[in-house]
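Below is one structure, written out as structure tokens; comments come after it.
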């Protein structure tokens, strides 16, 4: 039996554990996958005729993941919620001739990934000051930006999965800081992979009420 609590008060489950039923947090996650896949050129061709040209992707900026999540806790160990995640990568298209000389610079190119998903979490160590947990989210990933795919479309939609292998939160009263280790994956099919083990490390702050 779970005893419900009014807003701002704790609930108590049948095991006698007290907990705050609502949780909201905002977080940051890495773009390790994106930085490995999309990065500044390691070399520029300088041994071709001057009338030979090539377009390079340069000046990459990886803006990392920013996300917000709400969780509703039904007891001290199980909660259900939803998450929205945003990430993007920006670069400049630089045209160079065969000697490596810059001919044209076109900034403003980018792509983004927007993820919506329901999430669940299992807290296997519950304490007033420290929690340990794992979680899973399955939802929708939207990839878009300034570029077109092979079919001439600028937006693609695919499946998205977020896995929290282990997370730890340090709690003070209703406030907490957390670090999660896992990965965010999103793809349409094997030839359209938007993310693969991105967001391996997440850092977040939040409140429970």
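Summary table below
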read-out: Condition met for residue 85 (under 26 Å from residue 198 (Cα atoms), part of a strand (DSSP E or B), more than 24 Å from the chain's Cα centre (by Cα) and modelled with pLDDT of 95 or more); value: no
read-out: Residue 94, sole failed condition from (1) over 25 Å from residue 147 (Cβ atoms); (2) surrounded by 15 or more Cβ atoms within 10 Å (Cβ to Cβ); value: (1)
read-out: Of residues in segment 1-39 being part of a loop (DSSP other than H, G, I, E, B) and at pLDDT 95 or above, the one nearest to residue 121 (Cα to Cα); value: 30
read-out: Yes/no for residue 56 being assigned to a strand (DSSP E or B) and closer than 17 Å to residue 97 by Cα; value: yes
read-out: Residue match in segment 39-56 (condition: surrounded by 15 or more Cβ atoms within 10 Å (Cβ to Cβ) and either under 11 Å from the mean Cα position of the chain (by Cα) or within 19 Å of residue 138 (Cα to Cα) (or both)); value: no
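The values are calculated or read from the model by the stated rules, or taken from the named source; none is laboratory data. Note that this is a predicted model, so its numbers are computed, not measured. All Cβ positions, glycine included, derive from the backbone under ideal geometry; neighbour counts span all protein chains shown.
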